[in-house]
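J.: Structure in C-alpha cells, see below.
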Amino acid sequence: MDINDTSYMLNDSTLGTLETGKKGVLALNKSGLPAMELSPEDLVSVKIVDHESGGLIAKHDLEVKGQIVVSPE
C-alpha cells in the first residue's frame, strides 16, 4: 500500500486465498501500519500481489474522502 508517496508492505494472511469475485476486508488498525492520520484528498494506492509469484493481480488508486485515524492495536 502506498500512502502519500510512502510504501507499506501489508500481509494479512487472515484473508485467506481470494478467488475471482471474492472480497476481503483489511482492518488498517490491525494491518501493521504505523499510527497515522489521513485527511481528505490524501492519495492511497492499493496493490494486490500474488505471494508466490510476486505478480501484480490488481492495483487501485484511491482518494481519501474523510478523516481517517489509524491506531495500531
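Readers should treat all values here as calculations from the given coordinates under stated rules, not as data from a laboratory. Nothing here was measured: the structure is a model prediction, and the numbers come from that model. Here the Cβ is made from the backbone with ideal geometry for all residues, glycine too, and neighbour counts use every protein chain on show.
J.: Treating only the Cβ of Lys, Arg, Asp and Glu as charged (+1, +1, -1, -1), what charge dipole size does the chain show about its Cα centre? Round to the nearest 20 debye.
T.: Taking the Cα centre of the chain as origin, the dipole is about 260 debye.
J.: How long are the three semi-axes of the equivalent ellipsoid of the range 1-43, in whole Å, if each is the root of 5 times an eigenvalue of the C-alpha gyration tensor, listed from largest down?
T.: Semi-axis lengths for the range 1-43 are 23, 13, 10 Å.
J.: Sticking with this structure for a sec: Find out how many positive minus negative residues lie around VAL69, taking Lys and Arg as positive, Asp and Glu as negative, among other residues whose Cβ is under 13 Å from that of VAL69.
T.: Details: positive: none; negative: GLU37, ASP42, GLU73.
Value of the local net charge: -3.
J.: Cα-based count: Lys pairs in the chain below 19 Å, eight or more positions apart or different chains?
T.: For the chain, the number of qualifying lysine pairs is 6.
J.: Find the percent of Cα-Cα distances in the chain that exceed 20 Å, and round it to a whole number.
T.: Value for the chain: 32 percent of Cα pairs lie more than 20 Å apart.
J.: Using a Gaussian network model of the chain whose springs link C-alpha atoms within less than 10 Å, name the residue from ASP50, ASP42, ASP12 with the highest mean-square fluctuation.
T.: Sorting by GNM fluctuation, first place goes to ASP50.
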